[in-house]
Amino acid sequence: MGKRIFSILLVLVLIMSVLVSNGLTQDKKKLKVAFALLSTIHDLGWTTAHYQGIEFLKKEMGDQIVVDYTENVLAADTERVIRNYAKNGYDVIFGTTFEHMDPMLMVAKDFPNILFEHCSGYKMAKNMGNYFARMEQAEYLAGFMAGLMGFKNVGTVGTQPIPEPIRGVNAFTLGLLRGLKEGNHKHDPKKVDTVVWLKKWLDPINEVVLAETLINQKHDLIRQMADTPDSARTACYKKVPAIGYGMDVKLCGADCALISTVWNWGPYYVDAVKRAMNKTWKPQEIYWGFKENLIGIAPFHPSVPKAVQEKVLAELKKMKEGKDDSFLGPIKNQEGKVVIASGKRATDKELLTMKYFVEGVVGKIPE
């Protein structure tokens with residue numbers, strides 16, 4: 001009996017050795033996931049938020065996955081980075097900015113068995129989907145709060161003049177106008193939010209310059225849109241209130257920020273990786289918001305009145321329940337033409353292709 005048990009154990013040991021040598025152990029079955037990141041994980045904005053999403057994914061999925069990422073992947077280097085991950089057997093590859101879209105699509109066509117996910121773009125393939133978050137919902141709430149508090153001469157440091165920031169400007173301005181109206185604050189409905197452009201996603205030096213310019217022009221609130229918090233920090237240094245973007249900028253030295261709109265990518269990364277693991281992944285156009293917990297707002301600054309906080313949180317509750325009035329008509333463009341009819345809401349296609357400013361915005365969209 002003892003010899004038989006010994007023989008069985010010996011056979012099991014041999015089987016395990018073969019499995020290890022053939023790469024069929026549980027370690028080998030781990031799903032390999034890679035991320036191309038636009039900037040450094042310490043940019044305190046867009047890329048830091050994606051990195052927090054990666055950390056959330058690792059915490060949720062544990063030893064079921066292997067994760068890698070590459071920082072500072074600009075457009076010119078995107079194809080090389082993504083192709084290297086594909087050649088090295090990564091199962092799911094995420095691009096995290098608009099500029100990654102076209103290079104990723106080229107690589108996806110060459111690796112049909114690998115799954116690709118692209119953030120903020122619109123192109124797709126059989127093995128490439130795209131995902132984004134309805135940050136305009138949070139922007140609308142930030143504007144609503146500012147209007148209720150009586151801010152009516154906001155200065156916005158814009159980034160790239162493409163639909164994503166444009167609809168963010170519009171949502172903020174629409175919320176601002178509503179807040180001013182509900183708060184009975186006198187204002188010029190055609191001039192409440194002045195936009196200047198970086199023409200980059202991040203440019204710390206010019207973020208400071210543009211914020212200072214807006215402050216010198218007597219704007220009463222500085223709204224950050226860049227991927228770094230420098231325009232908000234500049235406002236605080238100059239004793240002017242600010243609104244942060246991407247992360248809670250109060251944690252990044254902008255302690256005057258009344259509120260920040262926050263990305264929360266982790267839930268989507270977990271969802272996409274689980275679908276890949278369960279063989280249920282298919283290319284989709286994902287556009288999630290408060291309801292799916294892909295965005296958020298940071299805690300209010302103590303100076304925000306409780307009554308204002310309550311009104312903003314009531315609107316947030318409605319959005320979480322699926323009722324989004326951020327682009328509810330009637331809405332006019334800068335020329336006074338109705339672009340969204342009374343009682344109608346902007347469709348996702350209209351939001352994702354938006355190339356006009358609403359009434360209330362001062363500034364032009366560069367060609």
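Descriptive notes on the structure:
- Members of the range 71-101 that are under 20 Å from E164 (Cα atoms) and either small (G, A, S) or out of contact with any helix residue (DSSP H, G or I) (no Cβ under 8 Å at 6 or more places or on another chain) (or both): A75, G95, M101
- Subset tally (residues that are part of a strand (DSSP E or B) and buried (at least 24 other Cβ atoms within 10 Å of the Cβ)) for the range 259-271: 3
- In the set K311, K349, only one residue is within 25 Å of the chain's Cα centre (by Cα), at pLDDT below 95, in a helix (DSSP H, G or I) and assigned by TED's automatic domain parsing to the domain that holds G175; that residue is K349.
- Scanning the range 36-54 for residues that are touching a Gly at 6+ places or on another chain (Cβ under 6 Å) and farther than 8 Å from Y69 by Cβ gives G45, W46, A49, G53.
- Residue count for the range 35-67, restricted to those that are part of a helix (DSSP H, G or I) and within 23 Å of D227 (Cβ to Cβ): 13.
Yes/no matrix, rows are residues, columns are (1) over 26 Å from A314 (Cα atoms); (2) small (G, A, S); (3) in contact (Cβ under 8 Å) with a residue 40 or more places away in the chain; (4) in contact with a Lys or Arg (Cβ under 8 Å, 6 or more places away or on another chain):
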{"residue": "T159", "(1), (2), (3), (4)": "yes, no, yes, yes"}
{"residue": "P165", "(1), (2), (3), (4)": "no, no, yes, no"}
{"residue": "R178", "(1), (2), (3), (4)": "no, no, no, no"}
{"residue": "K191", "(1), (2), (3), (4)": "yes, no, yes, no"}
{"residue": "V196", "(1), (2), (3), (4)": "yes, no, yes, no"}
{"residue": "W201", "(1), (2), (3), (4)": "yes, no, yes, no"}
{"residue": "K218", "(1), (2), (3), (4)": "yes, no, yes, no"}
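- Within the range 114-144, restricting attention to residues that are in contact with a strand residue (DSSP E or B) (Cβ under 9 Å, 6 or more places away or on another chain) and aromatic (F, W, Y), the residue that is surrounded by the fewest Cβ atoms within 10 Å (Cβ to Cβ) is Y122.
- Boolean, V304 is assigned to a strand (DSSP E or B) and under 30 Å from P241 (Cα atoms): no
- P305 meets each of the listed conditions (1) at pLDDT 95 or above; (2) surrounded by 18 or more Cβ atoms within 10 Å (Cβ to Cβ); (3) farther than 30 Å from K32 by Cα apart from (2).
- Only one of Y131, Y122, Y85 that is part of a helix (DSSP H, G or I), in contact with an Asp or Glu (Cβ under 8 Å, 6 or more places away or on another chain) and either within 26 Å of I297 (Cβ to Cβ) or not polar (S, T, N, Q) (or both): Y85
- Residue among L44, L37, L9 that alone is farther than 20 Å from W263 by Cα, among the hydrophobic types (A, V, I, L, M, F, W, C) and either at pLDDT below 55 or not assigned by TED's automatic domain parsing to the domain that holds S231 (or both): L9
The values are calculated or read from the model by the stated rules, or taken from the named source; none is laboratory data. Here the structure is a predicted model, which is why all the values come from computation and not from measurement. Glycine gets a Cβ as well: all are built from the backbone with ideal geometry, and neighbour counts include every protein chain shown.
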